[in-house]
Amino acid sequence: MPLEIIRNDITKVRADAIVNAANSSLLGGGGVDGAIHRAAGPELLEECRTLGGCETGQAKITRGYKLPAKYVIHTVGPVWRGGKYNEAKLLADCYRNSLALAMEYKLESIAFPLISTGAYGYPRDEALKIAISAIGDFLLENDMTVYLVVYDKASFVLSEKLFSSIAQYIDDQYIDEHPEYIRSRRLEAFQAEEDSFLYKESVAAPVPEEKRRRSLDDVVNNLDETFSQMLLRLIDEKGMTDAETYRKANIDRRLFSKIRNDINYKPSKTTAIAFAIALELNLDETRDLLLKAGYALSRSNRFDIIIQYFIENRNYNIFEINEALFAFDQPLLI
Ligand code: APR
């Protein structure tokens, strides 16, 4: 997948380049800056001395020396001062300029820490959204594998309301399959959150019943359709292009062309689900598409239950889906 969010120490990541959250002197510091300099060895500092510093939002490149990564791209994030000093643009520039430098050096992979979210105090959830948005925009036009390296769980700030609603949904689905499952200690909180569903019925546009369920002839006419055929049909029906679909699903272009060219291609379950989210399928369409690849959404698998929750609530925001998967220790969709 072109964008992966991983939990690791960035100095251990084997990407072509890792990005350093540096300060304008480029002469080292604490946090990820200190960790990278320690792991790279003294030659990194020697090369940094020749760079003459770096402006906030800009990026400069050095070799990686003792690091597994061939290069280090040093960028300087904005210090958070309340959000009225162009911080959001400067932070996005850090990602954009680092990616531009990686393209210039024809790199195939790059790993970012969450820039500015440590000593520089940028609110994590805002910084995460800016990072994913800047990287996502880049990946819509370019091919590169981008890792967003999250060092601690606090980086994913899932709102209490969303967490409670999903925990309750898991309870409701999971309990039937696992009677021994102790109802979550959050149950008493649910009573207080009773009306806190992601989409209050009053605001969610009611979908007419005939649209909610697939029509009988839909099913009969497409019984012998393969996964690949169904996917391509749905892309046409949704009025999307191939590129829009695979980029929104965060699927590599080469994998998509394999699926397009091999009528009997069997994707992984995660890939099939990623396409369902990108195409904003309802639960029936999602189940049909998964079935074509030989999979089903299980009610005893938390990952599947969380995906079902978002599809039932018609929330296809890949960012919130990943926040939820991360918060429940599930593999991420992106
Ligand atoms: N791997 C991945 N991420 C890490 C690592 C690591 N080894 N160490 C820290 N982080 C994470 C932090 O948890 C934080 O989320 O990197 C993010 C950025 O934190 P900082 O390193 O403090 O960087 P920043 O907030 O941009 O502040 C930069 O701090 O270290 C100094 O010299 C640096 O002055 C500069 C300032």
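The values are calculated or read from the model by the stated rules, or taken from the named source; none is laboratory data. Quick caveat: nothing in here was measured; it's all calculated off a predicted structure. Virtual Cβ from ideal backbone geometry, glycine too; neighbours counted across all protein chains shown. Protein only, heavy atoms only, side chains kept; ligands, DNA and RNA dropped before computing areas. Shrake-Rupley method; radii C 1.70, N 1.55, O 1.52, S 1.80 Å.
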Criterion: of a type outside the set (Val, Ile, Thr) and closer than 19 Å to MET144 by Cα - qualifying residue of ASP9, ASP33, ASP16:
ASP16
Given (1) within 14 Å of the ligand (Cβ to nearest atom); (2) modelled with pLDDT under 95; (3) more than 22 Å from ARG124 (Cβ to Cβ), identify the lone condition not met by ILE5.
(3)
How many residues does the range 101-133 contain that are surrounded by fewer than 21 Cβ atoms within 10 Å (Cβ to Cβ) and away from the ligand (no atom under 15 Å from the Cβ)?
8
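Being farther than 21 Å from LEU139 by Cα, in a strand (DSSP E or B) and touching a helix residue (DSSP H, G or I) at 6+ places or on another chain (Cβ under 6 Å) narrows it down to one of THR62, THR75, THR11, so name that one.
Exactly one of THR62, THR75, THR11 is farther than 21 Å from LEU139 by Cα, in a strand (DSSP E or B) and touching a helix residue (DSSP H, G or I) at 6+ places or on another chain (Cβ under 6 Å), namely THR62.
Yes/no matrix, rows are residues, columns are (1) crowded, with 17+ Cβ neighbours inside 10 Å; (2) closer than 30 Å to ILE130 by Cβ; (3) among the small types (Gly, Ala, Ser):
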site	(1), (2), (3)
MET240	no, yes, no
SER257	no, no, yes
SER268	no, yes, yes
PHE310	yes, yes, no
LEU325	yes, yes, no
PHE328	no, yes, no
Residue pairs within 6 Å by beta carbon, gap of at least six or interchain, first lying in the range 63-83 and under 14 Å from ILE115 (Cα atoms) and of a type outside the set (Asp, Glu), second open to solvent by 10 Å² or more (accessible area, probe 1.4 Å) and assigned to a strand (DSSP E or B), listed first then second, are ILE73/ALA59; ILE73/ILE61; HIS74/LYS60; THR75/ALA59; VAL76/THR56; GLY77/ALA21; PRO78/THR56
Evaluation of ALA69 against (1) more than 27 Å from the chain's Cα centre (by Cα); (2) assigned to a loop (DSSP other than H, G, I, E, B); (3) surrounded by 21 or more Cβ atoms within 10 Å (Cβ to Cβ) (one fails), failing number
(1)
If ASP93 passes every condition in (1) at pLDDT below 95; (2) not in a loop (DSSP other than H, G, I, E, B) but one, which one does it miss?
(1)
Determine, yes or no, whether GLY29 is over 27 Å from the mean Cα position of the chain (by Cα) and either near the ligand (Cβ under 9 Å from one of its atoms) or under 15 Å from SER116 (Cα atoms) (or both).
yes
Filtering the range 72-91 for residues that are small (Gly, Ala, Ser) and open to solvent by less than 10 Å² (accessible area, probe 1.4 Å) leaves a count of 1
